[in-house]
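Quick notes on the structure that follows.
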Amino acid sequence: MPDDGEIPVFSDKDPAPNSGDAESDEPAPYWIVVPAQSSSEFASRPMPDDANPYRLALLGQDESLLANALRKFELLDAYETLLHVGWTQPAYEQKQTPPIELSVFGALPDGLDGSFTLYLSRYLHLVVDVTLDAPQSARFADTEPRFSFGDSFRRAEPAPQPVRWRISEDRIFKNGDMRYFDHPKFGILAKVVRVEKPDDDEDGSAGRFAD
């Protein structure tokens with residue numbers, strides 16, 4: 001167990017690349033969240049203002065791209081849905097794109113944390129960096145001996161230590177792709193679709209995407 005008490009993280013993937021510069025004189029960009037609206041016409045929502053381009057529009061349940069998949073999961077006892085979210089956003093280069101913290105979608109299940117980053121390079125990329133705390137039954141025992149000194153000397157039994165699982169991966173998406181981010185203990189299903197607008201720039205560099 002680390003001396004600083006940090007919870008061990010178990011992942012079968014290398015950490016995803018950092019989506020921003022470590023040092024910069026300019027303030028870091030951040031998303032302004034637009035609440036979900038009860039409408040299936042999310043493609044008609046206005047593009048963000050040039051003065052504040054980092055707007056993320058949450059989608060309602062009736063707009064979800066994975067509603068059918070969610071219903072199928074609910075019919076299977078082997079799966080439990082922890083979080084189901086959708087949004088639209090403009091796509092920018094990696095250095096200009098801040099991560100979307102899961103907390104912006106609302107209250108999270110206990111032990112779930114992390115972020116998504118959707119950015120545009122030569123291809124469209126989705127970076128998933130999500131952690132989930134293991135249940136009490138999955139904790140491992142600290143094998144280091146612990147002793148108590150006082151009026152009587154005794155050796156304490158090893159105490160179970162917390163475990164944290166992690167998915168950290170950067171994947172390329174094409175328009176309409178649905179991909180599964182896998183971990184032995186949990187997974188993430190994501191779908192990205194371009195939201196076409198008549199007044200988009202020809203190069204599509206500021207196009208909106210729904211995830």
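The values are calculated or read from the model by the stated rules, or taken from the named source; none is laboratory data. What you see is a predicted model, and the numbers here were worked out from it, not measured in a lab. Note that we place each Cβ from the backbone using ideal geometry, even for glycine, and neighbour counts take in every protein chain shown. Ligands, DNA and RNA are excluded from the accessible area calculation, which covers all protein heavy atoms including side chains. Shrake-Rupley method; radii C 1.70, N 1.55, O 1.52, S 1.80 Å.
Just a few scattered comments:
- Unmet requirement for Tyr119, which otherwise passes all of (1) surrounded by 12 or more Cβ atoms within 10 Å (Cβ to Cβ); (2) over 20 Å from Thr88 (Cβ atoms); (3) at pLDDT 75 or above: (2)
- Residue that is least open to solvent (accessible area, probe 1.4 Å) [pool: residues in segment 69-109 that are of a type in the set (Phe, Trp, Tyr) and under 17 Å from Leu59 (Cβ atoms)]: Trp87
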